[in-house]
């Protein structure tokens, strides 16, 4: 019912690094696998560059 994308630090464990950012969306009952994949890719193309900019400009 829900899909999403996570951006995380790389570690030795597959998908085991600390999560930096996440975004989720509701999967409609009528959504095809192709539509689901397209939504995932669209979110990936937004969230990854946004996260990189945030990391590079963070002034902690």
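Can you show me the helix-derived [θ] at 222 nm for the chain, built from DSSP H runs with n ≥ 4 at -39,500 (n - 2.57) apiece and divided by the number of residues, rounded to the nearest 500. Walk me through the intermediate numbers first.
Values: 1 runs with 25 residues, N = 60.
Computed ellipticity for the chain at 222 nm equals -15000 deg cm²/dmol.
If I take R0 = 25 Å and measure r between the Cβ atoms of residue 52 and residue 2 in this structure, what FRET efficiency does the formula 1/(1 + (r/R0)^6) give, to the nearest 0.05?
On the way: r = 25 Å, r/R0 = 0.99.
My answer for the efficiency is 0.50.
Mind checking which of 33, 48, 14 has the largest fluctuation in a GNM of the chain, springs on alpha carbons under 10 Å?
Checking each option, the largest mean-square fluctuation is seen for 14.
Any chance you could give the angle, 0 to 90 degrees and rounded to 10, that helix 33-57 forms with the longest Cα principal axis of the chain?
Taking the Cα atoms of the chain, the angle to 33-57 is about 20 degrees.
With the Cα gyration tensor of the chain in hand, give its eigenvalues times 5 under a square root as the equivalent ellipsoid semi-axes, listed largest first in whole angstrom. Could the numbers behind the result be given before it?
On the way: eigenvalues 129, 39, 17 Å².
Its equivalent ellipsoid spans semi-axes of 25, 14, 9 Å.
Only the coordinates and a few stated rules stand behind these numbers; no lab work does. Quantities reported herein were computed from a predicted structural model and do not represent experimental measurements. Neighbour counts are summed over all protein chains in view; Cβ atoms, including those assigned to glycine, are modelled from backbone coordinates with ideal geometry.
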